[in-house]
Amino acid sequence: MPRPEQNIIQLTIDGREVRAVEGSMLVDAAKQGNIEIPYFCYEPKLGAPVGACRMCLVEIEGIPKLQTSCSTPVKDGMVVHTQTDRVHHAQNAIVEFLLVNHPLDCPVCDKGGECPLQDITFGWGLGRSRFIEPKRHFEKPLALSPLIAIDRERCILCYRCVRFSQEIAEDYQLVFESRGAHTFVGTHNGHPYVAPFSGNIVELCPVGALTSQPYRFRARPWDIEGAGGICTLCPSQCNVEFTVRDEKVVRVRSRDATGAATGGGPGGNPDVDDGWLCDKGRFAYQAIHVDERITQPLVRDGGSLRPVSWDRAFDAAAGLARHRGAVGALVGGQATNEEGFLIGRLMREALSSSDLDSRSGEQLPVGLTRALAAPGLQATVVDLEFAHTVLVLGCEPLDDAPIFDLRIRKGVRRHGVRLAIATSRPSALDPNAGLSLRVAPGGEAEFLAALDVALASEGSGSGYESAAESDAARLAEFLRASGEDIVILWGERSLGAAALGTLLSIAERLGLADRPGAGLLEIPAGANGRGLREAGVLPGTGPGYSDLGDGVGPGRGASQIAHAAVDGQITALYLFQTDPVRDLPNRALWEDALHRAGLVVAHASVLTEGIAEHANVIFPADSYAEKDGTVVHPDGRLQRLRTAIAHPGLVRSGWSVVAELARRAGLDTGALTSPMAFAQLVEAVPFYRGLTLEEVGGRGVRWPEREAASEMPAADDEARPTEAAAAAFGVSGDGGGAVTSNGGLRVGTYRSIWAAPEVEISPALKYTIPRQLVELSPEDAKRLGIANGDPIGLSQNGTRLRGWAHVRSGVPAGTAFLADGISEESANAFTEPVVEVQKS
């Protein structure tokens, strides 16, 4: 969908000629002329203004009454006055009114020193008070949620928090209770405000009514420093600002949040996060400073891990060189491009092995990998907001990339985007969708094949033999009637080689290539999944998806590495910020592989189960607040991580540890700093050619939009694998198995937004730690005699797990969805498509 056209008009404000976009609000136009108009309730990110606080009153020639500038669109030739006696008198009165019952607790208020109410009182207040009556008092603070405290006497009823809940997150939990002078913010059912994006209301609050429980009384504005960074806890890669005191992160906010709260413009990076953060990104920073964090090297000695010096750890890890040609490496999604690039050099040049991978799924053909990364097919996050149609395919944005969820909601609500969903599990976006379809777990390839056929024909969908074909026909009709700008948002965890090959065919039929505003947008399994692939952390390609050099053959993917380790073909494993026992499918296989490996070297920040039991050497990993490097957003935007705090304890930069390991294995990488590693990466990746850190800057740069994008290697005939090739990669279109009469159900998996070690060790997020909730349809629950919350047992081929029933409408009958990636009872213990479910 084309972006709204911007017609520039001219108006006069306080005698100054100001140019602004026609239809924009007067308060925003004033900023173009460096004219400040005070306000509290207005926030462009929240949508249409409500004009609730009346602080922004101005005088407009030709209109007898004062007008709220936040809700008055500008017109050509408009003459506005913001400094007349009428305006000053009105502003004085509004400030006086707001302060009638506002408590005089600025010395102890967490907002003190960065409070818009303070600033506006000094700038536009009368400077004295006529009221001597006692101010009203409420119990304080009240816990609005486990993360947010509310001081009700400070609230000025600006509506921002309630509007966020109802119009942005659409959780509809916050409401105004009572009426008149007794109005207060609460939840409609009296329960705590527990939602994935609740922390945003703390930033939105223009006074100290809403404060962060973890940050409360931790620091004052003159005690802290702000440092920009990137959150790498999920693929959204939101731009954040770390609040730092004494070399510790004490708060995380959206980038430029202070400016957003005080009228300085939209916060964050509009092209990435639109100024919002999820609660995981906002509060999991506590994992950086907890006691559970590994801050010094560990070496297994006598069966237990013991702290050692760096020299001792390097000596032990240098044993990788003795396994030359038989080393496998896995790289987790929080690694930077530079770290991934150096690991690739370490493996291929020093250890003579191409057995390295950064993907969580099956190994893809080289041609398919290149075709999916073609610059002309890459949609942007902003396209989710302005496309004619968005198709969510095989992913749950709320869990996989939460900010994408908010962007899609915004597009549907404000711009009329038509939303279609084709997932196996019910989606949080189902109520917003014009068409919502359920695909059997494991049946994505079959469904996409049917959709491809339906798009190629003009059939109406009647007379189709299978449910997949009937649903595919409905989706094809929906897409045909939806306009030309279509964005397909798909998830790496769900789609395999056969499905992705068909997805390329569908994109071709819909004409998505080289069309601005349309294309494919992947949600990778790891935060920097795309960047690591481009850096060469794949078994079949080098940096920039290039062919491997002479004498270097393609290596094994993740699952093949595990099998090779079990068979003795791989005798050493290098794990960089990943625990395959927790993160990857087939838990038992990885436990066996780690057990059989002669040497396991890991980088980790916390001792997860697989690392604690099997690692011989553990290097302490640096956090995203301590890294220096670059990452790549799912839409191809390179973003820069900058060091916000010093490394705690004996922690060193990951890139420097990899470079030292390479040196001890006989390879001088020549990387003495992170920028030097970046320079090598840019030289090795053709479509990064000429890129500099200065160009990346604070907002990032999308490489598909640069001229060097033409250097991207072209895909070949492997892009659409044949049925034989698909079978070779283990792809099946059987729909995931069948229901059995004795309680057997098809297995589908999901990974909660909270399923992460950082969440488990962050004190503020303890209440979110997921347990094994088994989602069942009401029909299956009734048939099996299971009620919501009942303990249930799950079994498959002798493997048993314990969970709790979550009866959920929308779950297809005959299917059970199990949580993956959690610390206990994780679904990756199961490998077959059917599981037996019984009430415990």
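The values are calculated or read from the model by the stated rules, or taken from the named source; none is laboratory data. For clarity, every value in this text was computed on a predicted model and none was experimentally measured. Please note: Cβ atoms are built from the backbone with ideal geometry, for glycine as well, and neighbour counts cover all protein chains shown. Calculation scope for accessible area: heavy atoms of the full protein, side chains included, ligands and nucleic acids excluded. Shrake-Rupley method; radii C 1.70, N 1.55, O 1.52, S 1.80 Å.
Miscellaneous remarks
- Residue 58 being open to solvent by less than 30 Å² (accessible area, probe 1.4 Å), of a type in the set (A, V, I, L, M, F, W, C), over 30 Å from residue 481 (Cα atoms) and touching a helix residue (DSSP H, G or I) at 6+ places or on another chain (Cβ under 8 Å): yes
- Listed conditions (1) open to solvent by 20 Å² or more (accessible area, probe 1.4 Å); (2) closer than 27 Å to residue 511 by Cα; (3) not hydrophobic (A, V, I, L, M, F, W, C) are all met by residue 385, apart from (1).
- Failed item, numbered, when residue 207 is tested on (1) more than 20 Å from residue 116 (Cβ to Cβ); (2) of a type in the set (A, V, I, L, M, F, W, C); (3) touching a helix residue (DSSP H, G or I) at 6+ places or on another chain (Cβ under 6 Å): (1)
- Residue within the range 230-247 that is among the small types (Gly, Ala, Ser) and over 28 Å from residue 140 (Cα atoms) present: yes
- Among residues of the range 638-660, those that are open to solvent by 10 Å² or more (accessible area, probe 1.4 Å), over 13 Å from residue 627 (Cα atoms) and in a helix (DSSP H, G or I), counted: 2
- Residues within the range 818-834 that are open to solvent by 10 Å² or more (accessible area, probe 1.4 Å) and either in contact (Cβ under 8 Å) with a residue 60 or more places away in the chain or among the hydrophobic types (A, V, I, L, M, F, W, C) (or both), tallied: 8
- Residue in the range 765-817 that is surrounded by the fewest Cβ atoms within 10 Å (Cβ to Cβ), counting only those that are part of a loop (DSSP other than H, G, I, E, B) and of a type in the set (D, E, K, R): 771
- Per the listing 631, 601, the residue uniquely modelled with pLDDT of 95 or more, over 23 Å from residue 573 (Cβ atoms), β-branched (Val, Ile, Thr) and in a strand (DSSP E or B) is 631.
- Within the range 279-315, the set of residues being touching a strand residue (DSSP E or B) at 6+ places or on another chain (Cβ under 8 Å), crowded, with 19+ Cβ neighbours inside 10 Å and assigned to a helix (DSSP H, G or I) comprises 281, 282, 283, 285, 288, 313.
- Residue within the range 667-677 that is out of contact with any helix residue (DSSP H, G or I) (no Cβ under 7 Å at 6 or more places or on another chain), in contact (Cβ under 8 Å) with a residue 24 or more places away in the chain and under 19 Å from residue 317 (Cβ atoms) present: no
- Among the candidates 150, 156, 120, 94, residue that is crowded, with 19+ Cβ neighbours inside 10 Å, hydrophobic (A, V, I, L, M, F, W, C), more than 30 Å from residue 412 (Cα to Cα) and within 29 Å of the chain's Cα centre (by Cα): 150
- When residue 691 is tested against (1) closer than 30 Å to residue 315 by Cα; (2) part of a loop (DSSP other than H, G, I, E, B), only condition (1) is not met.
- Any chance residue 679 is under 30 Å from residue 304 (Cα atoms), of a type outside the set (Asp, Glu) and assigned to a helix (DSSP H, G or I): no
- Every condition in (1) surrounded by 21 or more Cβ atoms within 10 Å (Cβ to Cβ); (2) modelled with pLDDT under 95 is met by residue 730 except one, and the failing one is (1).
- In the set 468, 498, 420, only one residue is closer than 30 Å to residue 362 by Cα, in contact (Cβ under 8 Å) with a residue 40 or more places away in the chain, in contact with a Phe, Trp or Tyr (Cβ under 8 Å, 6 or more places away or on another chain) and not in a helix (DSSP H, G or I); that residue is 420.
- When residues in the range 322-347 are screened for being closer than 20 Å to residue 596 by Cβ, aliphatic (A, V, I, L, M) and touching a helix residue (DSSP H, G or I) at 6+ places or on another chain (Cβ under 7 Å), 3 of them pass.
- Count of the range 235-248 residues which are open to solvent by 20 Å² or more (accessible area, probe 1.4 Å) and within 30 Å of residue 397 (Cα to Cα): 1
- Restricting the range 1-24 to residues that are small (Gly, Ala, Ser) and surrounded by 12 or more Cβ atoms within 10 Å (Cβ to Cβ), the residue that is farthest from residue 390 (Cα to Cα) is 20.
- Scan of the range 29-48 for residues that are closer than 27 Å to residue 411 by Cβ and open to solvent by 40 Å² or more (accessible area, probe 1.4 Å), ordered by number: 31, 32, 44, 48
- Candidates 663, 652: the one that is among the basic types (Lys, Arg), under 25 Å from residue 318 (Cα atoms) and over 29 Å from the mean Cα position of the chain (by Cα) is 663.
- From the list 537, 552, the one residue that fits, being in contact (Cβ under 8 Å) with a residue 40 or more places away in the chain and open to solvent by 40 Å² or more (accessible area, probe 1.4 Å), is 552.
- Put simply, of 524, 543, 585 the only residue that is surrounded by 16 or more Cβ atoms within 10 Å (Cβ to Cβ) and closer than 25 Å to residue 616 by Cα is 585.
- Test: residue in the range 207-228 that is within 23 Å of residue 399 (Cα to Cα), at pLDDT below 95 and not polar (S, T, N, Q): no
- Being closer than 29 Å to residue 754 by Cα and more than 20 Å from the chain's Cα centre (by Cα) holds for only one residue in 425, 409, 438, and it is 438.
- Tally, over the range 69-100, of residues that are at negative phi and in contact (Cβ under 8 Å) with a residue 60 or more places away in the chain: 9
- Residue check, residue 471 under 30 Å from residue 709 (Cα atoms), open to solvent by 20 Å² or more (accessible area, probe 1.4 Å) and in contact with a Lys or Arg (Cβ under 9 Å, 6 or more places away or on another chain): no
- Restricted to the range 317-351, and to residues there that are over 36 Å from the mean Cα position of the chain (by Cα) and under 17 Å from residue 616 (Cα atoms), the residue that is most open to solvent (accessible area, probe 1.4 Å) is 322.
- Pair list, Cβ under 9 Å, 6 or more apart: the range 744-769 residue of a type in the set (Phe, Trp, Tyr), other residue open to solvent by 10 Å² or more (accessible area, probe 1.4 Å) and part of a helix (DSSP H, G or I): 750/399; 754/280; 754/399; 754/760; 754/768
- Complete set of residues in the range 501-532 that are among the polar types (S, T, N, Q) and assigned to a loop (DSSP other than H, G, I, E, B): 528
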